[in-house]
Amino acid sequence: MDLPVTPEETVALLTECVRTKTVNPPGDEARLAEVLARYFEAEGVDVEVQTLSPGRANLLARLRGAGERPALIFSAHTDTVGPGEMPWERDPWSGRVEGGRLYGRGASDMKSGLAAMALALVGLKRAGARLRGDLVLAASAGEEVDMCGARAFVASGALAGAGAVVVGEPTGGRVAVAHKGAMWLAITTAGRTAHGAMPHHGVNAILRMQEVLDRVRAMRLPPAAHALLGGATLSVNTIRGGDAVNVVPDRCRVDVDVRTVPGVDHDGVVDAIRSACGGLGFDVALDVRMSVPAVETDASLPAVQTAVDVAGRLAGRPEKVGAVPYFTEASVYQPELRLPAIIYGPGEAHLAHQPNEWVSVRACTAAVRFYAEYAQAYLA
């Protein structure tokens, strides 16, 4: 099928998405949901904006099929992380195109996947494609923090009965069938304040945390290894403690990012960390702030083989499945909806959350074609 979507239209929609600031926190995803709603309404596509809280919303667009097959979900998130403190070479909200690249926060992660999915759905409608099942774009809020949008979609029943989900996160135009799970842990130690000139009258919570971190760094995570993902990892990524340079700190907190693979039990990891911190002679508080499982889809399933076939044909080379180290909303959809999950997006994973983030315009136009042809093949 000749898809009636131009590269210029692809750039225009992606530029508008990048220019619509949706940094999470706080989110402000409702702004982009309204932009996309107007786009779909102008094309005659059924669309619904689901308000989650002030300034935050999901969007659901549906190209209706014949009802003979379960729906196919296109999954994309509308929020981004912030631009960071390091200066950018180009305005992170410009969507500037230069040298075949479109620059801006979210260009790679993952407004390029979002725009390509929207354009594929619209292109199929313009072309009068006959699908045996519905094609649904679920554009969600909150993926970068707590997946509140994906959880709201599941709770509402809007995606019930679907047959497969394609997640548009950055894969460099390759098909992935697995990703790591994640746990974000807060570890806190307490002490007692004292004057900085008389520290012996207090208990230093930061020094206590140092002992905790020595134990945590020395511990070994469960040894399960995955053929595509490797092993689990643990990284201490933030630390906060103390109120003033002349006061002994009475509280210290670190945030720990644990990434897991299929076969690693999250509760078991938490128990192992608690055990490692035992016997220090003081209390250590551990709070699980977020936990999502690792995801894996059997590569022999028809939904995956169809993706491999379409990607290989469009790329002009044999395609094989891979995996990505980050987590996606498939962590919510696969266990709750019990459906195969495929990850495919035009962005490059190594550019996510980086200054000067960009995406290849050619990769975006190729992704539009992939999503459209995959939807046709899967729903044929």
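Roughly how many whole Å is it from the C-alpha centroid of the range 340-355 to that of the range 70-118?
After rounding, the separation between the Cα centres reads 10 Å.
Given the C-alpha centroids of the range 218-239 and the range 299-326, what is the distance between them in whole angstrom?
27 Å
Output the peptides 190-196, 74-80, 12-18 sorted from most to least packed, where packing is the average of other Cβ atoms within 10 Å over each peptide's residues.
74-80, 12-18, 190-196
Given H placed on each backbone N at 1.01 Å, which residues far from Leu52 in sequence or on other chains put an amide H within less than 5 Å of it?
For Leu52, the qualifying residues are Ala57, Asn58.
In Å², and per residue, what accessible area does the chain have when probed at 1.4 Å with the other protein chains present?
Accessible area per residue, the chain: 43 Å².
Throw me the Rg/Rh for the range 191-286, computed over C-alpha atoms with Kirkwood Rh, two decimals.
1.10
Counting only protein heavy atoms and using a 1.4 Å probe, what share of the accessible area of the range 289-380 belongs to carbon plus sulfur, as a whole percent?
Reported share for carbon and sulfur atoms: 51 percent.
Run lengths n ≥ 4 of DSSP H only: what is the helix-derived mean residue ellipticity at 222 nm for the chain, with -39500 (n - 2.57) per run over all residues, to the nearest 500?
One gets -9500 deg cm²/dmol as the mean residue ellipticity at 222 nm.
Using bins 10 angstrom wide from zero, how does P(r) for the range 153-227 break down, in % of all Cα pairs?
Taking all Cα pairs of the range 153-227, the binned fractions are 12, 22, 21, 18, 16, 9, 2 percent.
For q values of 0.08, 0.13 Å⁻¹, compute log₁₀ I(q)/I(0) with the Debye formula on a Cα-only model of the range 1-152, without solvent.
The Debye formula, applied to the Cα set alone, gives -0.22, -0.58.
Determine the share of the range 1-78's accessible area contributed by carbon and sulfur atoms, expressed in whole percent, with a 1.4 angstrom probe.
49 percent
In the chain, what is the count of Lys pairs whose alpha carbons are under 27 Å apart, counting only pairs at least 8 residues apart or on separate chains?
Total qualifying Lys-Lys pairs in the chain comes to 5.
For the range 1-66, what does the alpha-carbon gyration tensor say about shape, rounded, prolate or oblate, given a ≥ b ≥ c as the root eigenvalues, a/c under 1.5 as rounded, and a/b over b/c as prolate?
oblate
Consider just the alpha-carbon atoms of the range 126-180 and return their Rg together with their Dmax, both in angstrom.
Every Cα atom of the range 126-180 included, Rg and Dmax give 13.8, 38 Å.
If only Cα atoms are counted, what is the Rg of the chain, and what is its Dmax, in Å?
Here Rg and the maximum Cα pair distance are 22.8, 79 Å.
Once a ≥ b ≥ c are taken as the square roots of the eigenvalues of the Cα gyration tensor of the range 309-380, is the result rounded (a/c under 1.5), prolate (a/b larger than b/c) or oblate (a/b not larger than b/c)?
Since a/c reaches 1.5 but b/c is at least a/b, the shape of the range 309-380 is classed as oblate.
The values are calculated or read from the model by the stated rules, or taken from the named source; none is laboratory data. Because the structure is predicted, anything quoted here is derived from the model rather than measured. Reconstructed Cβ throughout: ideal geometry from the backbone, glycine too, with neighbour counts over all protein chains shown. Side chains are part of the model used for accessible areas, which takes the heavy atoms of the whole protein and leaves out ligands, DNA and RNA. Shrake-Rupley method; radii C 1.70, N 1.55, O 1.52, S 1.80 Å.
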